[in-house]
């Protein structure tokens, strides 16, 4: 039996990807820059229309940057909320892309990546885990009982206020909260902290210890607060500084101080792991389509 082809959109803050496929098998793929809502969504909609015409695609999944409304019963489901991405606040993302499809659904891009890693990657076989991306911002996709956590909106755990290292005098760079997690460790925050982009800073710079400490606070909070089985952590900051992950693991064990029986020095490398999928967001978008 031939699997039904699905359409997926990964709408990021700098680039957008449209994919046609099923599971991890991609039949077609395009990538465009994310510019204005009209230009970006129009180009994506044209490609979706082409796939509907040529392949009879009936289901669409969208994985979008946020904040965005992901509660299907909300009157503004699929609309962008107040976002620092200029011109995008209030944009009806799903309403623009979904016409012509029998089934369509939307989630955040980080939740899509979490679903993909849970189905095909680093969290395969687990029902309770977190996906964390540290890049331009800090995003967290939280999976509990096999489904994304959604309350009044999607969680914004990247803006947790973490306990600061006692020697860290950096005030943070989040325009809303200053020294929240994103304000301390995201790419733009590192540029403020170091005076240059993080990938231009030597690995032995002692200030990396403060970055690792803030991330370890977040890891400890995830294990303590959610009893999550695993944290998958990636993004541009982590991939540019792979040695940082080892320090985060070590510090997380220290912060937990032996309290949790399922997290310790003997298994921390299986509790905090790197992602394994290159196209996790796009593959996750196809999973959202399959669930629609």
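General remarks:
- Conditions (1) within 15 Å of residue 9 (Cβ to Cβ); (2) surrounded by fewer than 15 Cβ atoms within 10 Å (Cβ to Cβ); (3) touching a strand residue (DSSP E or B) at 6+ places or on another chain (Cβ under 7 Å): number failed by residue 93: (2)
- Hits in the stretch 63-90 - residues which are under 17 Å from the mean Cα position of the chain (by Cα) and farther than 16 Å from residue 153 by Cα: 84, 85
- Filter result for residue 16 (in contact with a strand residue (DSSP E or B) (Cβ under 8 Å, 6 or more places away or on another chain), free of Cβ contacts under 8 Å to residues at least 60 places away in the same chain, in a strand (DSSP E or B) and under 23 Å from residue 232 (Cα atoms)): yes
- One residue from 192, 177 being over 19 Å from the mean Cα position of the chain (by Cα) and either under 28 Å from residue 9 (Cα atoms) or at pLDDT below 95 (or both): 177
- Taking the criterion of being part of a loop (DSSP other than H, G, I, E, B) and closer than 26 Å to residue 5 by Cα, the residues of the stretch 70-102 that qualify are 70, 71, 72, 77, 78, 98, 99, 100, 101, 102.
The rows are residues; the columns are (1) buried (at least 18 other Cβ atoms within 10 Å of the Cβ); (2) modelled with pLDDT of 95 or more; (3) not assigned by TED's automatic domain parsing to the domain that holds residue 147.
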{"site": "11", "(1), (2), (3)": "yes, yes, yes"}
{"site": "15", "(1), (2), (3)": "no, no, yes"}
{"site": "53", "(1), (2), (3)": "no, yes, yes"}
{"site": "66", "(1), (2), (3)": "yes, no, yes"}
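- Within the stretch 36-69, the set of residues being part of a loop (DSSP other than H, G, I, E, B) and touching a residue at least 60 places away in the same chain (Cβ under 8 Å) comprises 66, 67, 69.
For (1) surrounded by fewer than 15 Cβ atoms within 10 Å (Cβ to Cβ); (2) modelled with pLDDT under 95; (3) in contact with a helix residue (DSSP H, G or I) (Cβ under 8 Å, 6 or more places away or on another chain), each residue gets a yes or a no:
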{"site": "108", "(1), (2), (3)": "no, no, no"}
{"site": "136", "(1), (2), (3)": "no, yes, yes"}
{"site": "139", "(1), (2), (3)": "no, yes, yes"}
{"site": "143", "(1), (2), (3)": "no, no, yes"}
{"site": "149", "(1), (2), (3)": "no, yes, no"}
{"site": "152", "(1), (2), (3)": "yes, yes, no"}
{"site": "156", "(1), (2), (3)": "no, yes, no"}
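- Just so you know, in the stretch 198-232 the residues that are under 21 Å from the mean Cα position of the chain (by Cα) and part of a loop (DSSP other than H, G, I, E, B) include one that is surrounded by the most Cβ atoms within 10 Å (Cβ to Cβ), and it is 228.
- Total residues in the stretch 237-269, condition surrounded by fewer than 20 Cβ atoms within 10 Å (Cβ to Cβ) and either outside the structural domain of residue 198 (by TED's automatic domain parsing) or within 19 Å of the chain's Cα centre (by Cα) (or both): 5
- Subset of the stretch 277-292 [in contact with a strand residue (DSSP E or B) (Cβ under 9 Å, 6 or more places away or on another chain) and within 18 Å of residue 17 (Cβ to Cβ)]: 279, 280, 281, 282, 283, 284, 285, 286, 287, 288, 289, 290
- For the stretch 167-183, filtering for residues that are under 15 Å from residue 215 (Cβ atoms) and touching a strand residue (DSSP E or B) at 6+ places or on another chain (Cβ under 8 Å) leaves 5.
The values are calculated or read from the model by the stated rules, or taken from the named source; none is laboratory data. Computed from a predicted model, the values in this text were never measured in an experiment. Because the Cβ atoms are built from the backbone with ideal geometry, glycine has one as well, and the counts that use them run over all protein chains shown.
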